[in-house]
Ligand SMILES: [Zn+2]
Ligand SMILES: [Zn+2]
């Protein structure tokens, strides 16, 4: 498991996968209060530099809409455009930080509010992950009644459902839909 770090950059690959998975998690989260941001950060090993406020909730909800624009982009070209917009809006020039253990690279200044920490890590993480591992590796669940977004970090990159639960439910439905033998 990724060790705790301000933003998961212990190994660059972790930055990538973790950032993409965090991006999907933001899309799937209700974000009603600062406590939702605290929970999301804890689940994804993101050490927040400041306690989230209502402004962070509002900002992260806007950012969530931008992330959903990448998830729901209809073509690879549209996905790249949406990613470039995210990068322009969410990241600053790279910078080496010493604030938390060994020196490591951030794509934001030090000492920013949680909203900007989330923006930098999800924009860069998604862009890196999708360009390195395949632009198709971000999707919504293929189950009819599920819209959960996921980053496909599997080895073969053919994940279709958000969870084993949804995959099993879909298999049961396909089985029931089979014409019975005469
Ligand atoms: Zn850091
Ligand atoms: Zn699902």
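Taken over segment 32-49, the criterion of being modelled with pLDDT of 95 or more and either more than 21 Å from residue 91 (Cβ to Cβ) or within 16 Å of ligand 1 (Cβ to nearest atom) (or both) is satisfied by 32, 33, 34, 35, 36, 38, 39.
Taking the listed residues 27, 57, the one that is more than 18 Å from residue 150 (Cα to Cα), away from ligand 1 (no atom under 14 Å from the Cβ) and modelled with pLDDT of 90 or more is 57, with no other qualifying. Against the conditions (1) modelled with pLDDT under 90; (2) within 13 Å of ligand 1 (Cβ to nearest atom); (3) surrounded by 15 or more Cβ atoms within 10 Å (Cβ to Cβ), residue 16 satisfies every one except (2). Within segment 108-115, identify whether any single residue is under 16 Å from the mean Cα position of the chain (by Cα) and more than 16 Å from ligand 2 (Cβ to nearest atom), and answer yes or no. Yes, there is a match, as at least one residue in segment 108-115 is under 16 Å from the mean Cα position of the chain (by Cα) and more than 16 Å from ligand 2 (Cβ to nearest atom).
The values are calculated or read from the model by the stated rules, or taken from the named source; none is laboratory data. This one's a predicted model, so the numbers in the text were calculated from it and none came from an experiment. Glycine gets a Cβ as well: all are built from the backbone with ideal geometry, and neighbour counts include every protein chain shown.
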